[in-house]
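Down below is the structure, laid out as C-alpha coordinates.
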Amino acid sequence: MGDAYVWVADLDARPEEAAVLAGRVMDWLEHQGIVHGELTNCLLGDELGRPPGPHAARAVTENEVTVGGACGVGMEIERRVYVCADLWTATCPHCGATTEPADSGPDMWTRAWAPLLDDLYAWFGGTGPGSGTCVRCGERSGFLAWKIDPPVAVAHLGMVLWNWPPLSEPFLAELAAVLGGHRLVTARTTV
(Lines give C-alpha, C1' and ligand atoms only; values in the text may rest on other atoms or scores of the structure.)
Protein backbone atom coordinates (compact mmCIF):
# COMPACT_ATOMS: atom_id res chain seq x y z
CA MET A 1 0.00 0.00 0.00
CA GLY A 2 1.37 3.42 -0.96
CA ASP A 3 1.35 6.72 0.81
CA ALA A 4 -1.75 8.88 0.81
CA TYR A 5 -2.59 12.36 1.94
CA VAL A 6 -5.60 14.45 2.81
CA TRP A 7 -5.58 18.09 1.74
CA VAL A 8 -7.77 20.91 2.97
CA ALA A 9 -7.77 24.16 1.01
CA ASP A 10 -9.10 27.47 2.38
CA LEU A 11 -10.90 29.09 -0.55
CA ASP A 12 -11.27 32.46 1.17
CA ALA A 13 -7.80 33.10 2.64
CA ARG A 14 -6.09 36.09 1.03
CA PRO A 15 -2.33 35.94 0.41
CA GLU A 16 -1.60 38.64 2.99
CA GLU A 17 -3.43 36.79 5.79
CA ALA A 18 -2.39 33.21 5.01
CA ALA A 19 0.57 33.06 7.43
CA VAL A 20 -1.48 34.40 10.35
CA LEU A 21 -4.31 31.96 9.63
CA ALA A 22 -1.86 29.05 9.36
CA GLY A 23 -0.47 29.92 12.79
CA ARG A 24 -3.99 30.11 14.22
CA VAL A 25 -4.83 26.68 12.81
CA MET A 26 -1.67 25.04 14.14
CA ASP A 27 -2.16 26.60 17.60
CA TRP A 28 -5.75 25.30 17.64
CA LEU A 29 -4.72 21.81 16.46
CA GLU A 30 -2.07 21.63 19.19
CA HIS A 31 -4.46 22.93 21.88
CA GLN A 32 -7.04 20.28 20.85
CA GLY A 33 -4.40 17.53 21.00
CA ILE A 34 -4.85 16.76 17.30
CA VAL A 35 -1.11 17.34 16.71
CA HIS A 36 1.99 17.58 18.89
CA GLY A 37 3.65 20.98 19.21
CA GLU A 38 7.14 20.09 18.07
CA LEU A 39 8.18 20.04 14.42
CA THR A 40 9.59 16.69 13.31
CA ASN A 41 10.55 14.89 10.12
CA CYS A 42 7.08 13.30 9.84
CA LEU A 43 6.23 14.39 6.27
CA LEU A 44 7.40 12.99 2.95
CA GLY A 45 10.32 14.96 1.57
CA ASP A 46 12.48 17.47 3.41
CA GLU A 47 9.79 19.57 5.08
CA LEU A 48 9.03 19.39 8.78
CA GLY A 49 5.54 18.86 10.14
CA ARG A 50 3.61 18.09 13.30
CA PRO A 51 3.02 14.43 14.21
CA PRO A 52 -0.41 13.20 15.35
CA GLY A 53 -1.29 14.11 18.93
CA PRO A 54 -3.11 12.05 21.57
CA HIS A 55 -6.54 13.15 20.29
CA ALA A 56 -5.87 12.90 16.54
CA ALA A 57 -8.72 10.40 16.11
CA ARG A 58 -11.22 13.18 16.93
CA ALA A 59 -10.41 14.74 13.55
CA VAL A 60 -10.92 11.70 11.33
CA THR A 61 -13.60 9.25 10.21
CA GLU A 62 -11.74 6.20 11.57
CA ASN A 63 -10.92 5.22 15.15
CA GLU A 64 -7.25 6.11 15.00
CA VAL A 65 -4.42 7.72 13.09
CA THR A 66 -1.51 5.32 12.62
CA VAL A 67 1.63 6.91 14.02
CA GLY A 68 5.08 6.39 12.52
CA GLY A 69 6.83 6.89 9.22
CA ALA A 70 5.48 9.70 7.10
CA CYS A 71 2.47 10.65 9.19
CA GLY A 72 2.06 14.30 10.02
CA VAL A 73 0.46 17.66 9.30
CA GLY A 74 1.97 20.55 7.37
CA MET A 75 0.64 23.96 6.38
CA GLU A 76 1.16 25.41 2.90
CA ILE A 77 1.21 29.18 2.61
CA GLU A 78 1.52 29.85 -1.10
CA ARG A 79 -0.44 30.04 -4.32
CA ARG A 80 -1.37 26.42 -4.93
CA VAL A 81 -3.63 24.12 -6.92
CA TYR A 82 -4.88 21.19 -4.85
CA VAL A 83 -5.89 18.15 -6.90
CA CYS A 84 -6.43 14.42 -6.57
CA ALA A 85 -4.28 12.02 -8.52
CA ASP A 86 -7.42 10.71 -10.21
CA LEU A 87 -8.78 11.97 -13.51
CA TRP A 88 -11.01 14.98 -12.83
CA THR A 89 -13.58 16.91 -14.82
CA ALA A 90 -14.62 20.56 -14.82
CA THR A 91 -18.09 21.88 -15.65
CA CYS A 92 -18.67 25.45 -16.85
CA PRO A 93 -20.88 27.47 -14.48
CA HIS A 94 -22.45 29.34 -17.43
CA CYS A 95 -23.37 26.73 -20.02
CA GLY A 96 -22.84 23.40 -18.23
CA ALA A 97 -20.27 22.10 -20.73
CA THR A 98 -18.01 19.47 -19.18
CA THR A 99 -14.41 18.72 -20.05
CA GLU A 100 -13.93 15.60 -22.12
CA PRO A 101 -11.30 13.04 -21.09
CA ALA A 102 -8.57 12.26 -23.59
CA ASP A 103 -8.77 8.79 -25.14
CA SER A 104 -5.05 8.17 -24.83
CA GLY A 105 -1.69 9.78 -24.31
CA PRO A 106 -0.41 11.96 -21.49
CA ASP A 107 -3.14 14.60 -21.71
CA MET A 108 -5.95 14.60 -19.15
CA TRP A 109 -8.54 16.17 -21.45
CA THR A 110 -9.07 16.43 -25.19
CA ARG A 111 -6.99 19.11 -26.90
CA ALA A 112 -10.06 21.33 -27.23
CA TRP A 113 -10.03 21.86 -23.45
CA ALA A 114 -6.27 22.52 -23.18
CA PRO A 115 -6.78 26.32 -22.83
CA LEU A 116 -8.62 25.81 -19.52
CA LEU A 117 -5.71 23.80 -18.13
CA ASP A 118 -3.32 26.45 -19.47
CA ASP A 119 -5.28 29.10 -17.54
CA LEU A 120 -5.09 27.02 -14.36
CA TYR A 121 -1.34 26.45 -14.71
CA ALA A 122 -0.79 30.15 -15.47
CA TRP A 123 -2.56 31.09 -12.23
CA PHE A 124 -0.48 28.52 -10.34
CA GLY A 125 2.68 29.97 -11.87
CA GLY A 126 1.74 33.48 -10.79
CA THR A 127 0.95 34.88 -14.23
CA GLY A 128 -2.75 34.09 -14.60
CA PRO A 129 -5.86 35.89 -13.35
CA GLY A 130 -7.45 33.05 -11.34
CA SER A 131 -10.13 32.32 -13.92
CA GLY A 132 -10.63 30.12 -16.95
CA THR A 133 -12.49 30.42 -20.23
CA CYS A 134 -15.00 27.81 -21.36
CA VAL A 135 -14.17 26.52 -24.84
CA ARG A 136 -17.88 25.98 -25.58
CA CYS A 137 -19.53 29.31 -24.60
CA GLY A 138 -16.45 31.55 -24.35
CA GLU A 139 -17.37 32.88 -20.89
CA ARG A 140 -14.57 33.44 -18.36
CA SER A 141 -15.28 32.35 -14.77
CA GLY A 142 -13.23 32.30 -11.58
CA PHE A 143 -11.90 28.83 -10.82
CA LEU A 144 -14.02 28.69 -7.66
CA ALA A 145 -17.17 28.92 -9.81
CA TRP A 146 -16.32 25.85 -11.91
CA LYS A 147 -17.79 22.55 -10.64
CA ILE A 148 -14.83 20.23 -10.42
CA ASP A 149 -15.07 16.52 -9.56
CA PRO A 150 -13.29 15.07 -7.67
CA PRO A 151 -12.55 18.30 -5.82
CA VAL A 152 -9.86 20.64 -7.07
CA ALA A 153 -9.12 23.90 -5.28
CA VAL A 154 -7.07 26.99 -5.97
CA ALA A 155 -5.95 28.60 -2.72
CA HIS A 156 -3.27 30.53 -0.87
CA LEU A 157 -3.62 28.46 2.31
CA GLY A 158 -3.79 24.72 2.68
CA MET A 159 -3.18 21.94 5.14
CA VAL A 160 -1.78 18.55 4.12
CA LEU A 161 -2.09 15.50 6.36
CA TRP A 162 0.17 12.65 5.26
CA ASN A 163 -1.20 9.13 5.75
CA TRP A 164 -4.25 10.26 7.73
CA PRO A 165 -7.74 8.83 7.17
CA PRO A 166 -10.40 11.16 5.71
CA LEU A 167 -11.37 14.05 7.98
CA SER A 168 -14.75 14.06 9.74
CA GLU A 169 -17.45 16.61 8.97
CA PRO A 170 -17.59 17.88 12.59
CA PHE A 171 -13.82 18.49 12.54
CA LEU A 172 -14.05 20.34 9.21
CA ALA A 173 -16.86 22.51 10.60
CA GLU A 174 -14.72 23.40 13.63
CA LEU A 175 -11.75 24.14 11.39
CA ALA A 176 -13.88 26.44 9.23
CA ALA A 177 -14.97 28.28 12.39
CA VAL A 178 -11.33 28.70 13.48
CA LEU A 179 -10.71 30.27 10.08
CA GLY A 180 -13.54 32.76 10.52
CA GLY A 181 -16.18 30.83 8.58
CA HIS A 182 -14.05 30.36 5.48
CA ARG A 183 -15.13 27.86 2.84
CA LEU A 184 -13.03 24.68 2.81
CA VAL A 185 -12.53 22.01 0.17
CA THR A 186 -10.95 18.67 1.06
CA ALA A 187 -10.05 15.40 -0.62
CA ARG A 188 -7.87 12.35 -0.04
CA THR A 189 -5.58 10.90 -2.68
CA THR A 190 -2.83 8.31 -2.98
CA VAL A 191 0.61 8.82 -4.46
Quick check on my filter: what residues within segment 49-70 are part of a loop (DSSP other than H, G, I, E, B), at pLDDT 95 or above and within 12 Å of residue 162 (Cβ to Cβ)? 51
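Out of curiosity, is residue 140 in contact with a strand residue (DSSP E or B) (Cβ under 9 Å, 6 or more places away or on another chain), assigned by TED's automatic domain parsing to the domain that holds residue 18 and either charged (D, E, K, R) or within 17 Å of residue 12 (Cα to Cα) (or both)?
Details: in contact with a strand residue (DSSP E or B) (Cβ under 9 Å, 6 or more places away or on another chain): yes; assigned by TED's automatic domain parsing to the domain that holds residue 18: no; either charged (D, E, K, R) or within 17 Å of residue 12 (Cα to Cα) (or both): yes.
Here the answer is no, as residue 140 does not meet what is asked.
Check 12, 103, 3 and return the single one that is in contact (Cβ under 8 Å) with a residue 60 or more places away in the chain and either of a type in the set (S, T, N, Q) or over 14 Å from residue 160 (Cα atoms) (or both). Give the derivation first.
Details: 103 fails: in contact (Cβ under 8 Å) with a residue 60 or more places away in the chain; 3 fails: either of a type in the set (S, T, N, Q) or over 14 Å from residue 160 (Cα atoms) (or both).
Result of the check over 12, 103, 3: 12.
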Any idea which residue in segment 165-181 is nearest to the chain's Cα centre (by Cα), counting only those that are in contact (Cβ under 8 Å) with a residue 12 or more places away in the chain and more than 20 Å from residue 21 (Cβ to Cβ)? 166
Taking the condition within 14 Å of the chain's Cα centre (by Cα), more than 28 Å from residue 118 (Cβ to Cβ) and not assigned by TED's automatic domain parsing to the domain that holds residue 124, does residue 184 pass? no
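Being polar (S, T, N, Q), closer than 21 Å to residue 155 by Cα and under 20 Å from the mean Cα position of the chain (by Cα), is that true of even one residue in segment 76-90? Before you say what the answer is, go through the steps one by one.
We begin by selecting, within segment 76-90, every residue polar (S, T, N, Q); these are 89.
Within this subset, residues satisfying the condition of being closer than 21 Å to residue 155 by Cα are 89.
Subset that is under 20 Å from the mean Cα position of the chain (by Cα): 89.
Yes.
Looking at 92, 71, 42, which is the one that is surrounded by 17 or more Cβ atoms within 10 Å (Cβ to Cβ), free of Cβ contacts under 8 Å to residues at least 60 places away in the same chain and over 20 Å from residue 24 (Cβ atoms)?
Being surrounded by 17 or more Cβ atoms within 10 Å (Cβ to Cβ), free of Cβ contacts under 8 Å to residues at least 60 places away in the same chain and over 20 Å from residue 24 (Cβ atoms) holds for just one of 92, 71, 42, which is 92.
The values are calculated or read from the model by the stated rules, or taken from the named source; none is laboratory data. No experiment lies behind these values; they were computed from the predicted model shown. No Cβ is skipped: glycine too gets one built from the backbone with ideal geometry, and neighbour counts run over all protein chains shown.
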